[in-house]
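Heads up, the thing below is written out as structure tokens.
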């Protein structure tokens, strides 16, 4: 199973900023959210040998908290103390918003969203297109599909790459992303061992956050 996790709340999220490649740490709430994810995944009783993460700080902090949470639950259950290995994978980095990175959502130029919605090849100045995100994420998921057929492969990432993952599972294009809403610290699951290829099992799961 591919288990795609959006990072916990970051300082930029809390401030209402559009944040792509800019580095932003987790808030205290974001850390608690990440720990809750780790415990929820460990309690699922499926082996999680490795956690892949975007190189950005908010994702890497989430991945480490998940690994710690997994180890805590597994130690209590069966004495296992070694946390899952955390591996940085740049293919799961957030969309590059270019000149708009770090901009307040309310301050974006008029018509910007219309351009993005109508054209997946739209490139913000100095940034990246949705088509480019789709290509790199699809390639990454294909390379992990075999591993995910026998164990949980956890991937800590961001809004755009996770939406691209859903489009990959559904055989859709990047235009699907505008019809999806994805919360912080949410879990999305994609099975890769079906006879017809990948299939979406759940999207934007947040029940584990009730404890935070």
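Readers should treat all values here as calculations from the given coordinates under stated rules, not as data from a laboratory. Treat the numbers as computed from the prediction; the structure is a model and nothing was measured. Quick reminder, even Gly has a Cβ in these numbers, built from the backbone with ideal geometry, and neighbours come from all protein chains shown.
Tabulated data for the structure shown
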item: P(r) weight above 22 Å for segment 77-199, C-alpha pairs, percent; result: 41
item: Gaussian network model of the chain, Cα within-10 Å springs - most flexible of 126, 38, 111; result: 111
item: Using a Förster distance of 25 Å, the FRET efficiency for residue 122-residue 15 (Cβ separation, nearest 0.05); result: 0.50
item: Folded to 0 to 90 degrees: helix 130-148 orientation relative to the chain principal axis, Cα; result: 10
item: Distance histogram in 5 Å bins (all Cα pairs of segment 80-151, percent per bin); result: 3, 13, 18, 19, 13, 11, 9, 8, 4, 2, 0
item: Potential extension, residue 181-residue 28 segment - 0.36 nm per residue separation minus Cα distance; result: 52.8 nm
item: Nearest 10 degrees, 0 to 90: helix 57-78 Cα axis against the chain principal axis; result: 20
item: Relative contact order %, segment 2-211, counting alpha carbon pairs below 8 Å whose residues are six or more apart; result: 28
item: Length-normalised contact order for segment 127-181 - Cα pairs under 8 Å, 6+ apart - percent; result: 42
item: Mean-position separation - Cα centroids, segment 179-196 and segment 129-163, in angstrom; result: 10
item: Folded to 0 to 90 degrees: helix 159-170 orientation relative to the chain principal axis, Cα; result: 80
